Structures are given as structure tokens and as C-alpha cells.
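Note sheet for the following structure.
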Amino acid sequence: MLLAPAKREDPLKPIYFDHNATTPVAPEVLAAMLPFFSDHFGNPSSVHAAGAEVADALARARSSVARLIGARSPREIVFTSGGTESIQTALHSARCLRPEARRIVSSSLEHAAVLAPLDELGQHGFEALLVDADSEGGVDLDRILSLLDADPSAAQIAFVSLMAVNNETGVVTDIKALAQVSAACRARDIPFHVDAVQRAGKLPIKVADIGCDLLSISSHKIYGPKGCGALWVRPGFKLSPLLLGGPQEGDRRAGTENTAAIVGMGAAAEAAMTYLADEGARERTKALRDQFENGLLACLPGTRVHGGRSVRVDSVSNLGFEGASGEAIVMLLSEYGLCASTGSACSSGNHGASHVLLGMGLDVEQAQGAVRFSLGRTSTQAEVDRALELVPRAVKELRSLAP
Ligand code: PLP
């Protein structure tokens, strides 16, 4: 199609502005993990010294992850294979608690890791009540509350699941509003799960401030390794494991632990706490993102910021470029040496139009023009300066080719 043959314009390392997709493993995380591929190879369930030293390391990692989300005890953390498994363990457990209930309350903005299991449950007699986004990408939490109110006996609602930060727009769900939903759920004995995969490490989060029953996070979004995540479980909440067959994780997730990855996630949680405590570092990320966004708005007419009037995490900018396809922009930028994302997989015949942006009221063409740029802790001024040359160049080139 429109794209010129592959020709990298810049010999420099590609600029990576796709930290919402995944983050690099931080050097201190890698250093913490390496001995667990060699010297410390024991099985943490073994009673001998080789096992015990690894069990100790897992206990330390558990404690770090617990502190990152303000859990009272490390025992509240169950390590999993990632955000997707944490979420699906949560939804499965929530559903098992109220077997007669057939309605699920959530939002149409959720990640596929939530929406796909809800779809699946739809084929087994469940009905998902998905609250829409407002035009700025926020979940209408009053609508969630009114759904709970509309069913005072609450007998029909199996569980509620909501995201804390949207992965495509970076729009933040207000913690106080989540706490209100939590209180309403608690009053009706309805389990409440929060997908905090995109909040952890970017903004502080304390499970006690929300008051939910279950909360999911992922290691590879916080500069830890892929294939590792954590599910926080409120003390007293009865978890129904997805994986059976062993006593690991306090009988809540069978299978020999991914020890190096868990140690890595623990180190990543420590690094995330350091970052979150460093106001200067967070302000720097926000200043770079704002400069990038404002620079593009100033030099590229027909650019809009999706969710720009909402509270967003400091690092994310989801932009729509009139007259150019997001997919083509992302591909051309990749040739120029800048990694970004459309933020959405192809789905439901909309050829890559994001369900989140469509849910915010954009038409298919507008949604197809969107590109998500997500900066990270190591993003630099030089990268932003360069990106401010590359993005306008790519968009102008594609616009000039448009019929
Ligand atoms: N939830 C959200 C909001 C996400 O952004 C992602 C990943 O992009 C997930 C869940 C799934 O996490 P994982 O990739 O660790 O399975």
C-alpha cells in the first residue's frame, strides 16, 4: 500500500514510545533475576537448602509486590503468569461465589482479558451489562451504581469488574468513585474486581483506598519480565483456583513457580515504588508527554487528543490524525525508527478501529486514525525532539497520498 520500502532514516536506536504494550526489563530487575537461572535453581517447595533459599526469595518478592499496592500482608498476593491469568482467576472465583447470579456488571472500555471471558460467559447463560464510556474515555460510574441500585436484592448480579486505568487512552478511573462502587458491592455481597494492570507503577494505588475484593496487576507493564503477574485477594475472600494440582501459592495457584520471573517482579515493584516516590521523575515524564502532545497539536492541524480532558496517567497520549490511518502511521513510524501502537487489535469487522474509541463516540474512520504513544521512565528530551520531527513527517506523507 502506501508504505515506501523499508529504509531506516536514523542510525540511532529506535525510539520506544509503546510502554503500555510492554516495558523493557529494568537493569536492576535483570540483575536480580539472573542468579535464579543458575545458582539458585531450587524448587521452592523442596524442604532442603536449595529450595529454601528460593522460597525466601519468593517471600521477599511477595512482600515487595504487596507493598506496591498497599496490601496489609504478603499472603494476600497470588503470583500468576500475568495480568490475563490474574483477571481470569478473579472472574472465575467471583462467579463461583454466586452460582445462581447471571448478570455481570462491567464497562465496554475493558481490556480483552476481561471482555473475552465475559463474551464466553454470555454463551453459558450470563448477561454482561457493559456501561459505556463518556466522550472523554471515562467510565460512567453513576451508571454502574444505578445498575446495582436497580437490583436491590442484588441476587442477579454475579460480580462487577472495572479497570483502574484504560490501556489505550491512559484515562484514570477515579479511586473515590471505585471506592463507592466497592461499598455498594460490599453492601450487597457482590464480588468486585479491579484491573489495575495499567495503573500499577504509573500512579500510586492502595487496595484499602478502593475496598475491592480482587485486584490484578502484571509484571511486564512495570519493567519486570513477561509471563508473571499478581492477583491481590482480600483476606477472607474465597478464591477458586483456575489451576489445580499442587499446594503452591497457598493452594491458590498450582504449578511450580516461575521463580526467576517472580523475583524479577519483586525487584520491579521495588523500582516502581522508588519511581512513584520521586515526584521529580514523574513530573519529568508528564512534561515530556505534554511537550510531545502540544508540539503535535501546534504543527499538525486535524489532530485530536482522545481523552485529553480527562485525568490521564502521565505517560500516555492517544492521538487522532485526520486523513491518515493509524495503522499506516504506526508502520511508517516504525520504518523511521519510532515504535508506537494503534492500541487495538483488529476486531469485529472494524478493521482495527478500537472498541474503546468507538465506545467514546468516535466514528470508525476517526477511530482508525488513532495512534497511542506511551512514554516511559527512560524516555528523553532528545527522543521527544526527534519524535516531533518524525510524527509530522509521517502524517504529512500519508495525507499527501490520501485520495
Ligand atoms: N489489562 C490491561 C488493562 C492491559 O493493558 C493488559 C495488557 O495489555 C492486560 C490486562 C493483560 O495483561 P498481560 O499482558 O500481563 O496478560
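Descriptive notes on the structure:
- Judged by the mean number of other Cβ atoms found within 10 Å, the most tightly packed of the peptides 247-260, 270-283 leads the ranking 247-260, 270-283.
- As a size descriptor, the averaged projected area of the C-alpha convex hull of segment 1-137 was calculated at 15.8 nm².
- The charge dipole of segment 27-275, taken about its Cα centre with unit charges on the Cβ atoms of Lys, Arg (+1), Asp and Glu (-1) only, comes to about 580 debye.
- Span-rule helices in the chain, defined as complete DSSP H runs reaching 24 Å or more along the axis (Cα) with Kyte mean at least 0.5: 259-277
- Cα Rg, Dmax (largest Cα-Cα span) when computed across segment 274-380, Å: 14.4, 44
- Between segment 173-228 and segment 130-165, the Cα center-to-center distance that results, in Å: 15 Å
- Dipole of the chain, positive direction: furthest Cα of Ala177, Ala26, Val160, with charges on the beta-carbon: Ala26
- Kirkwood hydrodynamic radius over Cα pairs of segment 166-325, then Stokes diffusion coefficient at 10 °C and 1.306 mPa s, in µm²/s: 88 µm²/s
- Positive-end extreme of charge dipole, the chain - chosen from Gln88, Pro241, Val364 (charges on Cβ): Pro241
- With each label modelled as a point 7 angstrom along the Cα→C-beta vector, the Asp39-Ser135 pair spans 6.1 nm.
- Applying D = kT/(6 pi eta Rh) to segment 220-263, where Rh is the Kirkwood radius over alpha-carbon pairs, T corresponds to 10 °C and eta to 1.306 mPa s, the Stokes-Einstein value obtained is 134 µm²/s.
- Antiparallel bridges, percent of DSSP beta bridges restricted to the chain (to nearest 5): 55 percent
- Computed over segment 22-81, Kirkwood Rh from alpha-carbon pairs, angstrom: 12.8 Å
- Nearby lysines by direct alpha-carbon distance to Lys13 (threshold 24 angstrom, same-chain neighbours under 8 apart not counted): Lys221, Lys226, Lys286, Lys396
- Springs between Cα atoms under 10 Å define the GNM used for the chain, and in it the highest mean-square fluctuation of Ala261, Ala113, Ala367 occurs at Ala113.
- Per residue, the average separation of C-alpha pairs within less than 8 Å and at least 6 apart gives the chain a relative contact order of 23 percent.
- Averaging over all projection directions, the Cα-based convex hull of the chain occupies 20.5 nm² in the image plane.
- Size descriptor, Kirkwood hydrodynamic radius, that averages inverse alpha-carbon separations across segment 93-188, Å: 13.7 Å
Any read-out appearing in this document is the output of simple, stated calculations on the displayed coordinates, not a laboratory observation. Since the model is a prediction, treat every value here as computed from it, not as a measurement. In this analysis, Cβ positions are derived from the backbone assuming ideal geometry, glycine residues included, and neighbour counts consider all displayed protein chains.
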